[in-house]
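Beneath this line is the structure, given in structure tokens, with notes to follow.
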Amino acid sequence: MRLVVPVSGSDPKTRLSSVFTPDERREFTEAMLADVLAAVGAAGHSPEVVATAPVACDAPVTVDDRGLDPLVNGLLAETDGELAVVMADLPLLTPPTVEGLFEPDADVVLAPGLGGGTNAFVCRHPGFRVDYHGASIRDHRRIARETGATVAEVDSRRLATDIDEPGDLVEVMLHSDGAAADWLDDAGCDLAVDNGRVTVERA
Ligand SMILES: Nc1nc2c(ncn2[C@@H]2O[C@H](COP(=O)(O)OP(=O)(O)OP(=O)(O)O)[C@@H](O)[C@H]2O)c(=O)[nH]1
Ligand SMILES: C[C@H](OP(=O)(O)O)C(=O)O
């Protein structure tokens, strides 16, 4: 079984530009990646990182500047047997959450992200291909069914919580104590309540 974590290394997390500088977005990306690799490793897997630019992490890194679709479709085409792809922006992951991704006995196991994305998948069928962005979970269900694959979905809040926008930072501070949470703490971020809603404010 092969498990790949794709990472946008050069200008990541642009949707966090209103709160973090470009260097901070790279640092925060590496912190989230560390949390993902720790969970995946503790679940017994040996992850490979494929990044658009060099990233510092505790796993082998291949630099590959292809966009997400050509990259992952290339991996699907070249990998014999099972391939798992787990995104790098899932700092709430825990080892049992990762194990849950491998439990369903289906050709394609999809982990939906909040807002319509696909945060992880396991593929055990030679015909499956990806089409990320937009409501990709819907596209991936359709593509998997069209190839004749059996499909299962993982119902996990931790797998579903990808950190894309400033409002998502609350989830890291509330539900994680890993590298990303530490990084936010060091950056002066703190929880606040605004109009009854929990938010993250920066000192
Ligand atoms: N290797 C590789 N990884 C990518 C690429 N685009 C996105 N990723 C990774 O795929 C996952 C989901 O992508 P996004 O949520 O769009 O992350 P992002 O591109 O850093 O963020 P935005 O700039 O805000 O869209 C994250 O782990 C990214 O690091 C790419 O072109 N190549
Ligand atoms: C790559 C993309 O990520 P999102 O923009 O949903 O975070 C997707 O999962 O289709």
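No lab work stands behind these numbers, since they all come straight from the coordinates. The shown structure was predicted, so the numbers you read here are calculated from the model rather than taken from an experiment. We place every Cβ from the backbone using ideal geometry, glycine too, and count neighbours over all the protein chains shown.
Below is a table of values for the structure above.
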| read-out | value |
| --- | --- |
| Members of the stretch 161-194 found to be part of a loop (DSSP other than H, G, I, E, B), farther than 17 Å from ASN119 by Cβ and not aliphatic (A, V, I, L, M), listed by number | ASP177, GLY188 |
| Checklist (1) part of a helix (DSSP H, G or I); (2) among the acidic types (Asp, Glu); (3) within 10 Å of ligand 1 (Cβ to nearest atom) applied to ASP23, failing item | (3) |
| Residue in the stretch 176-194 that is touching a His at 6+ places or on another chain (Cβ under 8 Å) and not basic (Lys, Arg) present | no |
| Meets criteria (touching a Phe, Trp or Tyr at 6+ places or on another chain (Cβ under 7 Å) and within 16 Å of ligand 2 (Cβ to nearest atom)) for PHE20 | no |
| Residue within the stretch 169-184 that is away from ligand 1 (no atom under 16 Å from the Cβ), crowded, with 19+ Cβ neighbours inside 10 Å and aliphatic (A, V, I, L, M) present | yes |
| Spans of helices (runs of 4 or more DSSP H) in the stretch 54-160 with at least 2 residues within 16 Å of ligand 1 (Cβ to nearest atom) and farther than 17 Å from VAL36 by Cα | 68-78, 136-146 |
| Meets criteria (under 24 Å from ARG138 (Cβ atoms) and surrounded by fewer than 20 Cβ atoms within 10 Å (Cβ to Cβ)) for GLY44 | no |
| Filter result (of a type in the set (Phe, Trp, Tyr) and surrounded by 20 or more Cβ atoms within 10 Å (Cβ to Cβ)) within the stretch 99-146 | PHE121, PHE128 |
| Single residue of ALA120, ALA144, ALA149 found to be over 23 Å from THR199 (Cα atoms) and in contact with a Lys or Arg (Cβ under 9 Å, 6 or more places away or on another chain) | ALA149 |
| Residue among LEU114, LEU93 that alone is within 10 Å of ligand 2 (Cβ to nearest atom), closer than 26 Å to ALA31 by Cβ and either touching a Ser or Thr at 6+ places or on another chain (Cβ under 9 Å) or not hydroxyl-bearing (Ser, Thr, Tyr) (or both) | LEU114 |
| The lone exception for ALA39 - which of (1) in a helix (DSSP H, G or I); (2) within 21 Å of ARG124 (Cβ to Cβ) it fails | (2) |
| Scope the stretch 11-26; condition surrounded by 15 or more Cβ atoms within 10 Å (Cβ to Cβ), touching a helix residue (DSSP H, G or I) at 6+ places or on another chain (Cβ under 9 Å) and of a type outside the set (A, V, I, L, M, F, W, C); matching residues | PRO12, LYS13, GLU24, ARG25 |
| Tabulated pairs, the stretch 13-40, first farther than 17 Å from ASP182 by Cα, second within 16 Å of ligand 2 (Cβ to nearest atom) and not in a helix (DSSP H, G or I), C-beta under 6 angstrom, 6+ apart or interchain | ARG15/ASP164; ARG15/GLU165 |
| Condition met for VAL86 (buried (at least 22 other Cβ atoms within 10 Å of the Cβ), of a type in the set (A, V, I, L, M, F, W, C) and either in contact with a Pro (Cβ under 9 Å, 6 or more places away or on another chain) or without any contact (Cβ under 8 Å) to a residue 24 or more places away in the chain (or both)) | yes |
| Residue within the stretch 147-166 that is exposed (fewer than 13 other Cβ atoms within 10 Å of the Cβ) and of a type in the set (A, V, I, L, M, F, W, C) present | no |
